[in-house]
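Student: Structure in structure tokens, see below.
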Amino acid sequence: MASHRHFNPWAFVLPGAIAGGVILGVPVVQALWTSLHNLRLYRLDDQVFVGLDNYIRLLQDPLFHLSIRATVVFTFGCTVLSVVLGLAVAAVMSTRGIRGTGWARFFMAFYLVPFVATQVVVGMLGRLYIWEPEYGLINYLMGLVGAQGPMWLISVDTAMWATIITNTWRLIPLALLIFYAALATVPEELLESAEVDGAGGWRALWSVKLPLIRYHIGFVALIQLTSAFREFDTVFALTGGGPGRATNVLSLLVYNEGISAANLGMANAISFTMLLIVAVLSLIYMRITRLGELDR
């Protein structure tokens with residue numbers, strides 16, 4: 001008697017899809033519904049439906065425009081630096097003669113330290129020991145060469161740079177892990193052929209390795225972009241959004257509106273706007289990736 005084997009992928013996907021829909025979908029719907037109301041933190045039983053009024057006021061708010069500008073600069077800086085530095089370190093660690101050695105394992109563990117640290121700890125370390133103007137590490141090193149270090153977290157001109165660099169240090173380990181694993185899959189035959197053709201280390205990296213891991217680079221860039229876009233803990237612990245509004249990114253604006261100003265309606269309007277921006281960026285990435293695969 002012939003046996004029939006049936007495989008229904010939905011039997012495996014459906015439980016997770018239902019759980020994800022409940023866990024993620026319910027808060028999103030609740031946030032959208034709250035954003036359409038005038039709701040105060042300490043008067044949750046008194047909400048008034050205002051429609052799109054919160055969104056209209058948000059688009060007209062100068063503080064929202066400043067936060068958008070700060071978020072764009074912060075997100076772009078963290079994404080570019082983490083991808084470039086993560087790729088550079090992974091490229092060095094994966095070269096023959098270095099890969100698999102004791103030094104490689106040591107430096108890999110060293111670079112993964114921020115990966116196990118919480119974001120608040122990273123922000124506090126940066127504030128107390130890295131960027132502190134009197135005894136911080138950066139100004140100490142600058143003093144060794146006779147340079148006068150600035151007031152990094154107090155000056156409007158340098159606070160954003162210090163925030164970007166600190167958060168980039170936290171983001172690099174993820175990029176390093178993915179790029180290191182991706183570079184390990186590059187066939188040795190291609191690298192040997194490139195060497196025969198006279199390609200050196202940098203030429204082989206640019207012409208052989210990078211084209212083969214371009215989708216990994218795009219994936220890491222998207223992950224880093226979405227992570228930096230919604231970053232709160234590191235920025236809050238490092239600068240609190242200051243000086244002035246120089247580092248007041250959107251996530252901090254949500255906190256200020258929802259907790260400090262007790263305006264839950266406006267806070268949820270900002271949060272839902274952030275969700276829409278991230279969703280659009282993700283859709284654009286998936287569209288570009290799909291077009292790239294069709295062209296192959």
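The values are calculated or read from the model by the stated rules, or taken from the named source; none is laboratory data. Because the structure is predicted, anything quoted here is derived from the model rather than measured. For neighbour counting, all protein chains shown are included, and Cβ atoms are generated from backbone atoms with ideal geometry for every residue, glycine included.
Student: Of the residues that make up segment 71-94, is at least one farther than 28 Å from P211 by Cα, surrounded by 15 or more Cβ atoms within 10 Å (Cβ to Cβ) and either modelled with pLDDT of 90 or more or touching a Gly at 6+ places or on another chain (Cβ under 6 Å) (or both)?
Tutor: yes
Student: For segment 229-296, please list each of the helices (runs of 4 or more DSSP H) lying entirely inside it that holds at least 1 residues being touching a strand residue (DSSP E or B) at 6+ places or on another chain (Cβ under 7 Å), exposed (fewer than 15 other Cβ atoms within 10 Å of the Cβ) and aliphatic (A, V, I, L, M).
Tutor: No helices (runs of 4 or more DSSP H) qualify here.
Student: While we're here: Residues that are surrounded by 15 or more Cβ atoms within 10 Å (Cβ to Cβ), on the phi < 0 side of the Ramachandran plot and part of a helix (DSSP H, G or I): does segment 39-51 have at least one?
Tutor: no
Student: I'd like to verify a number: residues in segment 100-156 that are without any contact (Cβ under 8 Å) to a residue 24 or more places away in the chain and assigned to a loop (DSSP other than H, G, I, E, B), how many?
Tutor: Result for segment 100-156: 15.
Student: Is it the case, given these coordinates, that A88 is within 30 Å of A204 (Cβ to Cβ), touching a helix residue (DSSP H, G or I) at 6+ places or on another chain (Cβ under 7 Å) and free of Cβ contacts under 8 Å to residues at least 12 places away in the same chain?
Tutor: no
Student: Same structure again: In the set I288, I259, which member is within 25 Å of T118 (Cα to Cα) and over 17 Å from the mean Cα position of the chain (by Cα)? First the steps, then the outcome.
Tutor: On the way: I288 fails: within 25 Å of T118 (Cα to Cα).
Only one candidate passes the filter, namely I259.
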